[in-house]
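*Asks:* One structure, pasted below without further comment.
The values are calculated or read from the model by the stated rules, or taken from the named source; none is laboratory data. Because the structure is predicted, anything quoted here is derived from the model rather than measured. As a convention, Cβ positions derive from the backbone with ideal geometry for all residues, glycine included, and neighbour counts pool all protein chains shown.
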Amino acid sequence: MIAGEAKHRMGMETSAARATILAVDDEPDILVALEDLLEDEYRVLTASRPDEALALLAAEPDVAVIVSDQRMPGMTGDALLTRARIISDAQAILLTGYADLSAVTSALNRGGITGYVTKPWDPALLRGAIRAAFERHRLARDLATERALLRGLLDHAGDAIAFKDAAGRFVRVNAAKAARLGAPVEACLGRPESDFLPPEAAASIAAADRAAIAGGQPVEATVTAGPDAAPTWTQVTRVPIRDAAGAIVHLATIERDVTEQKQLEARLRQADKMQALGTLAGGVAHDFNNLLTAILGSLELALPKVAGDARLSRLLTNASHAAQRGAALTKRLLSFSRQRELQARVVDLNGVIRGMNDLLGRSLGGFVQVDHDLDPGLWPARVDPEQLELAILNLCINGRDAMPDGGVVTLSSRNVVVTGSPDPDLPDGDYAVIAIADTGTGIPPEILSRVFEPFFTTKAQGQGTGLGLAMVFSLLQQSGGTIRIHSEVGRGTRVELYLPRSHEPLAVAESEGADAVPARRHRARILVVDDDPQVRHVTASFLSGFGHDAIEVPGAEAALVRLEAEPFDLVVADLAMPGMSGLDLADVVRERWPALPFLIVTGHAEAARIPHAYSVLEKPFPSTELGARVATLLTEGAERG
């Protein structure tokens, strides 16, 4: 008896990895015989009464097979197995005598038994029946697990998933797919997708399904839908499913909305365009500004010499104005390319708008009325006021051009608190918003999506550069804000500029004083260093006109030779020169002649990267600006000396 108990305990300890069998019989000898027969291979639970067996089933959810006698007091085996099916998924085997075939039939119909074994049983036959029943139980549980996993995947996936039979009818769809089709899940089953789509879309999907089945391999494609102004993109994966014989009997489709990803890619491409244009602008700016410096300087030097010839003076003045417009365009290009440093400060945005009244009146003409609707409590913002004026002017001119017969441009402002914005360019926070609205022709949706592209314009050749809105977009991004545009054909356009609220005090306006050249008590010797002979000559001529001695050299190496040989009061050097740059020369001069003032002049986009310790003058420059800067540096140098 003790050995039997030890053997039972050992069987219990090692049963965790084995299937559990429940044996039910009212005869103890039968239970012992079943336990001895099966315990080497299974964990065996025994019950001598049907109610005890049902209690064990409720407490043991892992019972795989029930082996039950038919004739028991209180409840027959077929009745027990019928009740057991309610609380357990265990397979059932009925032990019965030859006279109990009617009970076997009842158990098959009501108790769901998978087989029966007659008494007295053949041990090998009983073992085989139990093994087969256990395998069916394991497969049934695996199938239930797979179904639960598939159901969970289908019900909770954000992708639209469907399974179709070879004829294209739905055999399973998830909620996301049904929502796309506009019908309940149950209404989709057994029907082709063409029942829910317009004929053209249905034909396209059917053709893609046939191609995937014919190819026999997973196929992935991206399809576009919706209007050009707000398209949507869907990535569709089609997976043919084969049966055991290798024939394709089903087709799985997985549809994923990739609109946000495509929009991010579009923004990245736009950023790449901006960067490429910035590189182009920076590359040509130096040479272009050198040309403008020579042209404007030469015109300025020539104008006094033809003061008595009105016609020639007018021609030279027109040429000067044209060159100045070219200089302004270069500065706009550099600002757009983000390579020209913004002079940002905290400003009163309403004040900027009001200060443009005269400029807008001259620029828009008499057929355009300018209205204001400004919030008196508008928050201040940190922005480059000159670039903001240029942005507002560009937008107002766009509005004027959209109203060939005249109309109204309205400048308004308001405070906006942004929370939960889906726009990645507009994070939550406080914004001061400037809006420019017109009553013009509006922008068609297919064009609205392209208005921020550099060089894209709908104006006639020679009437627009295609940089206006692109530069406004760049300014807002550099200032931490963004731009939004709303337009309706025939009703006008409204452009909103979002600028982050600033809690800093308003900046005090600085007096320009560019036209007033500080007085200089004595003649100064100034070394002019530039590899461009025309620019060098203009710079030296300007300085000579202010009474200074200007000595010209073509490069930094020659400048060092002259500095070693004779004294100078100031060095004016170009930034971009072959060999040693103007910045390299300035570093050497600061180290060897620390008291000698140094002015770097440049038309290059890299001017923003020059250390703030150095004085910089951007090309092209008028003589008054050069004279003022030189006078200031000479005065500071005299004070240090």
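*Asks:* Could you tell me how many of the residues in segment 362-398 are at pLDDT below 85 and in contact with a strand residue (DSSP E or B) (Cβ under 7 Å, 6 or more places away or on another chain)?
*Replies:* 1
*Asks:* Here's another thing I want to ask about it. Just a yes or no: is a residue in segment 144-158 small (Gly, Ala, Ser) and under 30 Å from Ile21 (Cβ atoms)?
*Replies:* Narrowing segment 144-158 to residues small (Gly, Ala, Ser): 144, 148, 152, 157-158.
If we keep only those that are under 30 Å from Ile21 (Cβ atoms) too, we end up with 144, 148.
Checking segment 144-158: at least one residue is small (Gly, Ala, Ser) and under 30 Å from Ile21 (Cβ atoms).
*Asks:* Any residue that is at pLDDT below 60, part of a loop (DSSP other than H, G, I, E, B), under 25 Å from the mean Cα position of the chain (by Cα) and not β-branched (Val, Ile, Thr) - is there at least one of those in segment 473-485? Spell out the reasoning first.
*Replies:* Residues of segment 473-485 that are at pLDDT below 60, as a first pass: none.
No, the conditions are met nowhere in segment 473-485.
*Asks:* Go through the residues of segment 177-197 one by one and say whether even a single one is in contact with a Pro (Cβ under 7 Å, 6 or more places away or on another chain) and buried (at least 17 other Cβ atoms within 10 Å of the Cβ).
*Replies:* Pass one, segment 177-197, residues in contact with a Pro (Cβ under 7 Å, 6 or more places away or on another chain): 178.
Okay, now just the ones that are also buried (at least 17 other Cβ atoms within 10 Å of the Cβ), so 178.
Checked segment 177-197: at least one residue is in contact with a Pro (Cβ under 7 Å, 6 or more places away or on another chain) and buried (at least 17 other Cβ atoms within 10 Å of the Cβ).
*Asks:* Check every one of the helices (runs of 4 or more DSSP H) wholly within segment 522-641 and list those with 1 or more residues that are among the aromatic types (Phe, Trp, Tyr). Walk me through how you get there before you give the answer.
*Replies:* On the way: elements: 533-545, 556-565, 582-592, 623-640.
Once the helices (runs of 4 or more DSSP H) in segment 522-641 are filtered for at least 1 residues that are among the aromatic types (Phe, Trp, Tyr), what remains is 533-545.
*Asks:* In this structure, is Val32 assigned by TED's automatic domain parsing to the domain that holds Arg141 and either surrounded by 22 or more Cβ atoms within 10 Å (Cβ to Cβ) or under 20 Å from Ile113 (Cα atoms) (or both)? Step through it out loud before you land on a result.
*Replies:* Values: assigned by TED's automatic domain parsing to the domain that holds Arg141: yes; either surrounded by 22 or more Cβ atoms within 10 Å (Cβ to Cβ) or under 20 Å from Ile113 (Cα atoms) (or both): no.
No.
*Asks:* Sort through Ala507, Ala519, Ala514 and tell me the only one that's at pLDDT below 90, part of a loop (DSSP other than H, G, I, E, B) and touching a helix residue (DSSP H, G or I) at 6+ places or on another chain (Cβ under 6 Å).
*Replies:* Only one candidate passes the filter, namely Ala514.
*Asks:* Continuing with this model, one more query. Just for segment 157-174: of the residues that are surrounded by fewer than 17 Cβ atoms within 10 Å (Cβ to Cβ) and closer than 14 Å to Ile254 by Cβ, which one is farthest from the chain's Cα centre (by Cα)?
*Replies:* By that ranking, first place goes to Ala157.
*Asks:* Out of Asp358, Asp401, Asp348, I need the residue that is farther than 16 Å from Ala437 by Cα and at pLDDT below 90. Which one? Give the steps one after another, and end with the answer.
*Replies:* On the way: Asp401 fails: farther than 16 Å from Ala437 by Cα; Asp348 fails: at pLDDT below 90.
Step by step, each of Asp358, Asp401, Asp348 is checked, and only Asp358 is farther than 16 Å from Ala437 by Cα and at pLDDT below 90.
*Asks:* Answer with yes or no whether Tyr116 is crowded, with 17+ Cβ neighbours inside 10 Å, modelled with pLDDT under 80, over 30 Å from Asp257 (Cα atoms) and of a type in the set (Phe, Trp, Tyr). Reasoning before the result, please.
*Replies:* Values: crowded, with 17+ Cβ neighbours inside 10 Å: yes; modelled with pLDDT under 80: yes; over 30 Å from Asp257 (Cα atoms): yes; of a type in the set (Phe, Trp, Tyr): yes.
Answer is yes for this residue.
*Asks:* Related question: Could you please tell me which pairs satisfy a Cβ distance under 6 Å, a separation of 6+ or placement on different chains, a first residue in segment 114-143 that is in contact (Cβ under 8 Å) with a residue 24 or more places away in the chain, and a second residue that is assigned to a helix (DSSP H, G or I)?
*Replies:* Matching pairs, first to second residue: Val117/Leu126; Val117/Ala129; Pro123/Leu37.
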